[in-house]
1. When only Cα pairs under 8 Å and 6 or more residues apart are kept, what is the percent relative contact order across the stretch 105-259?
2. Please work out the FRET efficiency for the pair Thr80 and Glu185, using the Cβ-Cβ distance as r and a Förster radius of 30 Å; give the result to the nearest 0.05.
3. Taking K and R as +1 and D and E as -1, what net charge do the other residues with C-beta under 13 Å from the C-beta of Glu234 add up to?
4. Expected output is a single nm value to one decimal: the length gained when fully extending between Asp115 and Arg252, i.e. 0.36 nm times separation in residues minus the C-alpha distance. What is it?
5. Using the Cβ atoms and a cut-off under 10 Å, what net charge is assigned to the surroundings of Gln183, where Lys and Arg are +1 and Asp and Glu are -1?
6. Could you order the peptides 183-196, 166-179, 60-73 from most to least packed, using the average number of other C-beta atoms within 10 Å per residue?
7. Tell me the relative contact order for the stretch 128-182 as a rounded percent, counting alpha carbon contacts under 8 Å between residues six or more apart.
8. Between Cys108 and Val132, how many nm apart are label points set 7 Å from Cα along the C-beta direction?
Amino acid sequence: MASIIEKRRCLHRQLINQKQENEDLRCELKGLQGPANMGIASYMIAHEINNLLTPLSSYAELALRNPDDKALIEKALRKTKRNSRRASEIMESMLSIANGQKQEKVICKLRGLVDDVFKCLCRDFTKDGIKVKIEMSDDLEIYAVPVQIQQVFMNLILNARDSMLSLGGTLSIRAYEKSTCVQIEIQDTGAGIEAEMIGKIFEPFFTTKSGTETAGKQRGYGFGLAFCSRIIEEHNASISVDSEPGKGTTFRIRVNKSK
């Protein structure tokens, strides 16, 4: 009997020690969360700012090669001003996400958000053999943080462009009301994604792009879609993907129409 009681006491002491160790680990992890968030923010900012700076560099080079073309120079400066403002908004947004802060959502016109993304990209997709089709009502509204949703659109649009650079194709952006939300579809006719990769594409650092830059197609770092997923989660929205090799890819996003 004494032996059984002693074993129970021993097990009780072990349980208490285990609980204390678990609590110590939780405290340690909590202390590491801040630096981890800053690391995530650094990757997100680098990725998004690069999306804005790449087309600006092309415009600057074009303006420098044509110093007498005042209209072209003014256009390059307007693009620089617009994208610099967006870069500032993006950095503020990224840091807020990494720090767990909530940004204010507003009712905004979806078509205006999409149009502004193409303005910031600067590149005329038809020069790459890509036709762009946008099908949505001008009055269609969503409840979102505008700059964050635009970052999702920019990532998906650039990915679609990259998938069609070699042979050209069609980029279709559709949106329509569905019950209490708006469904947005971004579809390309590009290379598609292998079935075994579909379940991994939203994971950080996973990429389907090659490790080198070729013909205007930048190598992938595997953070764009993970970042999109994070923003969609912050909006209590959803994102899904359908794809088939050789037949293109469709991303579907559902965002609330109102508060």
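Each value in this text was obtained by applying a stated rule to the coordinates, not by laboratory testing. Predicted model, so just to flag it, every value in this text is computed and none were measured. Note that each Cβ is placed from the backbone with ideal geometry, even for glycine, and that neighbours are counted across all protein chains shown.
1. Relative contact order for the stretch 105-259 comes out at 26 percent.
2. FRET efficiency, Thr80 to Glu185: 0.40.
3. Result for the neighbourhood of Glu234: +1.
4. 47.5 nm
5. Neighbourhood net charge equals +2.
6. 183-196, 166-179, 60-73
7. The normalised contact order for the stretch 128-182 reaches 65 percent.
8. Result: 1.7 nm between the two label points.
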